[in-house]
Amino acid sequence: MSTPTTYWLLKMAWRDSRRNRGRLLLFISSIVIGITALVAISSFSENLQRDISSEAKTLLGADLLVQGGQPAGDSIQQLFRELKASSRSEVQGLVSMVYFPKNGGTRLSQVRAQEGGFPFYGNLSTEPASAAALFKKSCSDSSAATPLALVEKTLLLQFQLQPGDTVRVGNLSFRIAGQLNAAPGRAGIAGSVAPVVYIPKQFLEKTGLVQRGSLIWYQYFFRLPDNADIAAMVRDQLEPGLENTPLELETVADRQENLGEALGNMRTFLQLVGFIALLLGSIGVASSVHIYLKDKMASIAVLRCIGLKSSQAFQIYLLQVLTLGLLGGLLGALFGSLLQRLLPVLLAEFLPLGNVSREVSWTAIGTGLLTGLGMTLLFSLLPLLAIRRVSPLLTLRAAWEENSSSKDPLRWAVYALIFLFVGGFTYLQTKSFAFPLGITLAFLILAAVASALTWSIRRFFPAGWNYTWRQSIANLYRPNNQTLVLIVTIGLGTGLISTLFLVQDLLLKQIEYTGAGDMPNMIVFDIQPPQKEAVAKLTTDNELPLKQVVPIVTMRLDNIDGVTKPMDNSGKAEKPEESEEKRRPQRDWEDEDESDDDRPDWVFDREYRVTYRDTLIETEEIVEGTWTGAVGKDGIIYVSLAENLARDMKAKIGSKITFNVQGALLETVVGSIRKVDFRRVQTNFLVVFPKGILEKAPQFYVIVSRVESEAQSARFQRQLVEQFSNVSVVDLTQILKSAKTVLDKVSFVIRFMALFSILTGLIVLISSVVLSKYQRVRESVLLRTIGAHRRQILAINMLEYFMLGSLASLTGIGLSLAGSFALARWSLEIPFEPDWLQPLLLFVSITGLTVLIGLLNSREIVRKPPLEVLRKEV
């Protein structure tokens, strides 16, 4: 026979597929979900990035933002006037309790006192819509008599309020002009953690919230003329003028870059989840092609007998695979284009944009098609390579003995290409090899479990068990078994879902652990000296213990061993020239990383809130030096530093640190370094002074207590706000609520995306079961011919799929338990006490679905006479 042309090969591929097109459609279904996820996520990401670029000014709400923890001084105000901005707005933000007289509700919230018409680009989204304009007008009108406020919808929903009700901020009551739904650059989920109340700035002083020690964040927004060269203005005016000040500068380009990085992490995670689904589907493809070709070996042998070369037979089935892979890619691209319209709704809480466009991305479709087709081809090559070894003698043999392919160099080359493809794709997404190595490890563990299972069954087969159990167990290692494929695909999908539940539970338990037993779970702060005794009495009157009454003094850092804040453009610390000792070169015995030149700026810029006492507390442990709770006879003030601060300060025992205590310089020496557990809900400090030094310095107080119930906490907070409007409370019960709300929203998104992996595993299961049905028919017919009852065959199949489903889900859950234990033990450092109900429900669900699919597949075979089945299938 002459060499077949390409047309002949295509014609043969088409003819050969006629009897099996339904089965081949199951083959492509495994990759459709993975391509759907990739195309949808890529399209969504492109639309989001394009919207961020086109609406960058809306995300900032202005052309320029200057902000910091201190107000702009006279020189900086003059610099602002030189900008000749067309509009300017000032916002002062602080954290305070707000009180709703309608129902007595209280909540720690962000209070933003605004002056001017911010935002200059975009809008404050409110209900009613007119509330935004009304509020902005009151902020620009210094003569406004009626205090108005905008309250974030989280608060209105929590306390069942509506526009027209009243909110009290400090000493002043405001009428709620409307519900705030969205603000420029603010994601919706932020309201669950720290809800916002907007008030006009001219009323801030009257609230009484601005007290000594109040932590206020100052923001100055500018709208510049359309023809302004913002980059040159920043370079030539603002950066030199703001140098060595606590104020920072942010432009539209900075906001766009920061948001791009933050959302890029989310996009990378989503794409990796979609890729895992595609990876699982590709394993299903390899399994399906393997089963399909097993059925075709006799036909291939006949073609070999009439002169077809093995390479030509390989090309025929390769064409079938590529055609079906392309069809699966097209279906996945279609479904992905539809799904990407849903993602902006699903992720709305996490996005700083009100609406994300839903345009179809041809780039994403092309990438999804090429990725899907590449994965399909690579994984299909593994079983396709066996065609090259089919001998014409197979037509004369009663059974085909598969040639070992473990030594086939092409097979190992395919393995290498698969690893390079997977590793390259994930590296481009994460810029790290950790993910491909982690996925490879997970696959190897699951594959090892499956291999160990089949080996142990062969080695220790329970010959004494009854007939039904023996047949079911034997099916796990007989030819055409699906043990390896199903344990890997379903196990990995189950592991992803189980890990999600366990990690979410661990994070919540970590917060609960910080207030477990008799540990403090409430902090009352911003207590002024004249209020200390009265607030303490109110605390004890509500049967709350006074675990600590802590004084806090604010100060700044002046120098460390004579080294002040870096002043030159290189960022290196300049040393005083009056002391040659302080300008000495680095000693040979000093480590290079201990140089003074690389101290971070925040060490000098931040405002330190320190306390003084003569004892350590339960969250502290001395790791170096000696604790000193009082001033020594030599008059030296020994302070204790937290180990992370000492590391960044490059400070050691004996280092001299000078603090600026509200205008007075105070020289100290590092006497000890502490390990501090900052996770506890109580006052932990970076710097602790001994007693006898700061008692007369301006200060405020914090009370640490413990509340036993939400009702007790609500009653105390209500009385506290009514009597001391400037005092605020951090309550662990409220933190738990906020954390649970956030984690629920995050886990919903992750569960939705992980569902792609579970669905892919189930489709692989369905296709494997249905395709293997054509191999199992003869077994079932033989069993019925020798007298097996219909119920016996159903029981055999049910037990087989029960063992497959249970082993797959148990392996996945076992991996997730091991990973979660490691996270709890060595990262979170809390007891590992999982909620066993969720893994149990997951095990029952996955195992039940596996059994159900297997029984539905077996029903068609067992309900018909053996002769009818043989005529139909054989």
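Quick notes
- Amide H within-cut-off set for Ala630, under 5 Å, with H built and near neighbours excluded: Lys691
- Net charge of Cβ neighbours under 13 Å - reference Gly260; Lys, Arg +1; Asp, Glu -1: -3
- 5 angstrom amide H check on Gln70, placed H, neighbours 5+ away: Tyr218
- Hz values of 3J(HN,Hα) by residue in the stretch 363-373 - Karplus curve (6.51, -1.76, 1.60), Gly and Pro given as x: 5, 5, 5, x, 5, x, 4, 5, 5, x, 5
- Of the residues Thr58, Thr207, the one with the largest accessible area comes first in the ranking Thr58, Thr207, computed with a 1.4 Å probe on protein heavy atoms.
- Rolled with a 1.4 Å probe across the full set of protein chains, the surface gives Cys305 an accessible area near 80 Å².
- Heavy atoms of Arg88 accessible to a 1.4 Å probe, total area in Å² rounded to 10: 90
- As a rough guide to protection, the peptides 312-320, 32-40 ranked by mean Cβ packing within 10 Å, highest first, stand as 32-40, 312-320.
- Relative contact order (percent, whole number), the stretch 120-258, Cα cutoff 8 Å, 6+ residue spacing: 24
- Karplus-based coupling profile of the stretch 313-323, in residue order and whole Hz: 4, 4, 5, 4, 6, 5, 4, 4, 5, 5, 4, with θ = phi - 60° in 6.51 cos²θ - 1.76 cosθ + 1.60 and x standing for Gly or Pro.
- Charged side chains reduced to their Cβ positions (Lys and Arg at +1, Asp and Glu at -1) give the stretch 240-311 a dipole of some 1200 debye around its Cα centre.
- Distance violations [Cα-Cα > 27 Å] among Lys547/Lys650; Lys84/Lys565; Lys201/Lys547; Lys206/Lys532; Lys565/Lys656: Lys547/Lys650; Lys84/Lys565; Lys201/Lys547
- In a simple Cβ point-charge model (Lys, Arg +1; Asp, Glu -1; nothing else charged), the stretch 25-170 has a dipole of about 260 debye relative to its Cα centre.
- His789, His290, ranked by accessible area, largest first (probe 1.4 Å): His789, His290
- Total formal charge among the other residues, if their Cβ is under 11 angstrom from that of Glu250, Lys/Arg +1 and Asp/Glu -1: -3
- Accessible area (Å², 1.4 Å probe, nearest 10) - Tyr415: 100
- With each label modelled as a point 7 angstrom along the Cα→C-beta vector, the Ala711-Trp217 pair spans 3.7 nm.
The values are calculated or read from the model by the stated rules, or taken from the named source; none is laboratory data. Only a predicted model underlies this, so the values are computations on that prediction, with no experimental measurement involved. Note that we place each Cβ from the backbone using ideal geometry, even for glycine, and neighbour counts take in every protein chain shown. Only protein heavy atoms, including side chains, enter the accessible area calculation; ligands, DNA and RNA are left aside. Shrake-Rupley method; radii C 1.70, N 1.55, O 1.52, S 1.80 Å.
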